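Remarks on the structure that follows.
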Amino acid sequence: MRKVFVAADNIFSPLGKDTFSNLSALKQGHSGIRLHQETISENPFYASLLPPDFKAGNPQLTPFENIVFASASDALKDQQADAASSRTGFILSTTKGNIGLIENGIPDADADRQTGLTESAMRIAACLGIQNEPIIVSHACISGLLAMITGMRMIQSGLYDQVIVSGADLITAFIFSGFQSFQAISPNPCRPFDANRDGITLGEAAATVILSSVNSGGAVQLSGGSVSNDANHISGPSRTGEELFMAIRSALRQAAISAGEIDFISAHGTATRYNDDMEARAINLAGMGPVPLNSLKGFYGHTLGAAGLVESIVSLHSLKENILFPTKGYSEPGTEREVHVIKELRSAKISKCLKTASGFGGCNAAIILENLN
Amino acid sequence: MEFQQPGLNAAGFLDELYRHEGMAYPKFHKMDHLCKLGILATEILLKNSGHPQKYRDDETGVVLSNRHGSLDVDLKYAKTMKTGASPALFVYTLPNIVIGEIAIRHKFKGENAFFVFKSFNGNFIAGYVNGLFESRLIQCCICGWVDFLGEEYHAMLMLVETTHSGTDIPFTVANINQLNNANHE
């Protein structure tokens, strides 16, 4: 089977418009999370929101489409990859795309044409000069990882030589009110894996990876990935963590490495009590309790369709630079099973990373990133 | 199976088909239309297939696609969110929830994925599902199309296995496109 490499990437977030500026901000300990007073909520709330000018650009595109376009264009800028080639695929990861337009009261009959994901993806693809039909992954909070896994599989099978994988979501009244109705939103900036964690913080971002069958030098390999389902509850995670463990085990098997070879874990770490406990159980089932772990939600909030991509990109640069990023917001251990949460930025000789995600609908995903250089 | 009830609207059709199938699954009544359609289509697909006995929980995958995502319930949630956002409605505003409901009903814990395409993409679905088999990630897969918006709905599901009996059709792009076209007529 062909190998798959991450040839280029972009993070477009409140911390910066490219990966470099994001990594610099993380190294300085900056977070995108601020107290906001916006129309999407009656009361002030914490979130990591993009400034309005980040969402502008092409007036023919919606704010959602503009941030995806900005992210993908930046990732493509140093690339030899020919977006228009029949050997180039495009995958868009999003949970709610243009949902903001629906809240603004467009008639139901126009909703499909104006907000439909297929139309939206085709507009973005046209602006990027992509010829092949876009593939849209809409699979709750694992969308970003599932989109990367899908791209990996398409290259492995020989269907494409490179795949542009972009993900994004904007935090609108629709999404905010929904998470609030679940009482899932923390009144403070989120505290992943901490004893006093009390819910999520939402965030906005777009991110892109360009996957390629060719390693043009120094690229990190995406060497395995798998998805599982809890088959237990549509809005609450598994009690045992058994199913996330299944996805981890299967991803390791594909990468042909053992659990003991993993140098660090980039967890989902949403900072809800149940999610973080479930993850801690799964990680212990995999025998990885002592492996250093972080959640980046304290820097970015939960960026939904972008989350898996943003966190994978930070992780692959961790591997390249041999540094471990801390879990902002964490201070005291507080999961039922113990995990080794990274508290401070530090250097470490690392080459293999496990990245996980879980979401509504009982879905779990895991990928393996390896720096072979 | 033959089931015809002229004069029913889309929602009425789903509830009538549930009764016709003799299902006793109270959770069905809490679901949105997309999930009801997916659950019913899976029920009919698996009837008499002998499926449940054959595989471990993690050996069955579910790979679904549609055109409209969860737009049917998105529009309903958007109308109620200002007066009283309902978590019971919000949770359905993700298309992969239909996979979650099918997984719960049948204890399927294997690979799952939800894709959105402007029309059924037999080439992609065949490639993706065959890839899962070739990587030995699954032994069996429920795959196809489940779409619901307003009064328009369409489901076309396939049960794909590595062992075959006399009446089975090879899982090829040409065959599944033909199935989808026949199903549309």
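Only one entry in A:101, A:35, A:61 is within 30 Å of residue B:65 (Cβ to Cβ) and free of Cβ contacts under 8 Å to residues at least 40 places away in the same chain, namely A:101.
Within segment A:142-174, the set of residues being facing chain B (nearest Cβ under 9 Å) and under 16 Å from residue B:96 (Cβ atoms) comprises A:142, A:143, A:146, A:149, A:150. Restricting the search to helices (runs of 4 or more DSSP H) fully inside segment A:240-326 and requiring at least 2 residues that are more than 14 Å from every other protein chain (Cβ to nearest Cβ) gives A:273-285, A:297-300, A:307-321.
Out of everything in segment B:73-94 that is within 14 Å of residue B:36 (Cβ to Cβ) and surrounded by 23 or more Cβ atoms within 10 Å (Cβ to Cβ), what residue ends up being farthest from the other protein chains (Cβ to nearest Cβ)? Across segment B:73-94, the extreme among qualifying residues is B:73.
Residue by residue, here is whether (1) under 27 Å from residue A:52 (Cβ atoms); (2) aliphatic (A, V, I, L, M) holds:
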site: A:149; (1), (2): no, yes
site: A:156; (1), (2): no, no
site: A:160; (1), (2): no, no
site: A:165; (1), (2): yes, yes
site: A:169; (1), (2): yes, no
site: A:208; (1), (2): yes, no
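Scanning segment A:232-275 for residues that are crowded, with 24+ Cβ neighbours inside 10 Å and at positive phi gives A:241, A:269, A:271. Cβ-Cβ distances below 7 Å connect the following pairs, each with a first residue in segment B:58-70 that is facing chain A (nearest Cβ under 9 Å), a second residue that is among the hydroxyl-bearing types (Ser, Thr, Tyr) and surrounded by fewer than 24 Cβ atoms within 10 Å (Cβ to Cβ), and a separation of six or more residues or different chains: B:67/A:118; B:67/B:119. Among the residues making up segment B:22-46, those that are in contact (Cβ under 8 Å) with a residue 24 or more places away in the chain and either more than 12 Å from the chain's Cα centre (by Cα) or outside any helix (DSSP H, G or I) (or both) are B:25, B:27, B:30, B:31, B:32.
No value in this document is a laboratory result; all are computed from the given coordinates. All values derive from a computational prediction rather than experimental measurement. Don't worry about glycine lacking a Cβ; one is built from the backbone with ideal geometry, like all the others, and counts go over all protein chains shown.
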